[in-house]
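Some notes on the structure that comes next.
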Amino acid sequence: MKENKTKEILLITATQLFSENGYEATGVRDILQACGVSTGSFYHFFSSKESIFEAVIERFLHGYTERIGCIFADEEKPFAERIGLFFEELKKTSDGYYHKLQGYHMHESMQLLLHEQTLRRIHPYICDALGTGIRNGSIRPRLDADAATLATVLIRGAEGIISSADLSSASKKDIKKLEKTIADYVKLLLEF
């Protein structure tokens, strides 16, 4: 039981330091000093700074990607509805992370890595849902591209729309407008 507590303390401390200072400016020694854990205990759980950083990122993304997988696996719902649920989950999760970690002050390197890892993790779910929809005829792409390429275009386009908005001060009306813009973008790519 003490072992799990030590690992948890290391992860919490590393999350805080990586979030505040970034990956580059945080060392194993900084983590150990901040939480009072011995070097031996650190290396019992993690082989390097890279491995604890990967564990921090995994911890962030695990529950989120499970929820996204469930959304896209529900073939009873039309793809357009699943995309809408996905964006709702994305907003809810983003807001939760930002509030939990004061994310608007999160170091840029941590934000970037979380962002890229999130996109990598959701791509297969969107790709599979698109592939199923294309095969069964419920989705007709407007581009001559395979499901993987369409998933990339869909994700990166929506990413561009979202990143152009100032979500830190967005009103409910602004969010609704953003959601409509994304829905219109999806309709440019896919016919349902």
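No lab work stands behind these numbers, since they all come straight from the coordinates. This structure is a prediction, so every number in the text was calculated from the model and none was measured. Note that each Cβ is placed from the backbone with ideal geometry, even for glycine, and that neighbours are counted across all protein chains shown.
Things worth noting here:
- The chain, dipole about Cα centre (Lys/Arg Cβ +1, Asp/Glu Cβ -1), debye to the nearest 20: 320
- Over the residues of the chain, the helix contribution to mean residue ellipticity at 222 nm works out to -26000 deg cm²/dmol, using -39500 (n - 2.57) for each DSSP H run of at least 4.
- Derived scalar couplings ³J(HN,Hα) [the stretch 56-71; Karplus, 6.51 cos²θ - 1.76 cosθ + 1.60; whole Hz; x for Gly, Pro]: 5, 5, 4, 4, 4, 8, 4, x, 4, 5, 4, 5, 5, x, 5, 4
- Answer label for semi-axes √(5λ) of the Cα gyration tensor in Å (calculated), chosen among (1) 31, 29, 12; (2) 39, 19, 13; (3) 37, 19, 13: (3)
- On Cα atoms only, tilt of 172-189 relative to the major axis of the chain in degrees: 60
- The H on the amide N of L190, modeled in the peptide plane, is under 5 Å from the matching H of R142, each at least 5 residues off or on a different chain.
- Centroid-to-centroid separation of the stretch 107-130 and the stretch 10-26 [C-alpha atoms, Å]: 20
- Taking the longest Cα principal axis of the chain as reference, the axis of helix 108-136 is set at about 30 degrees.
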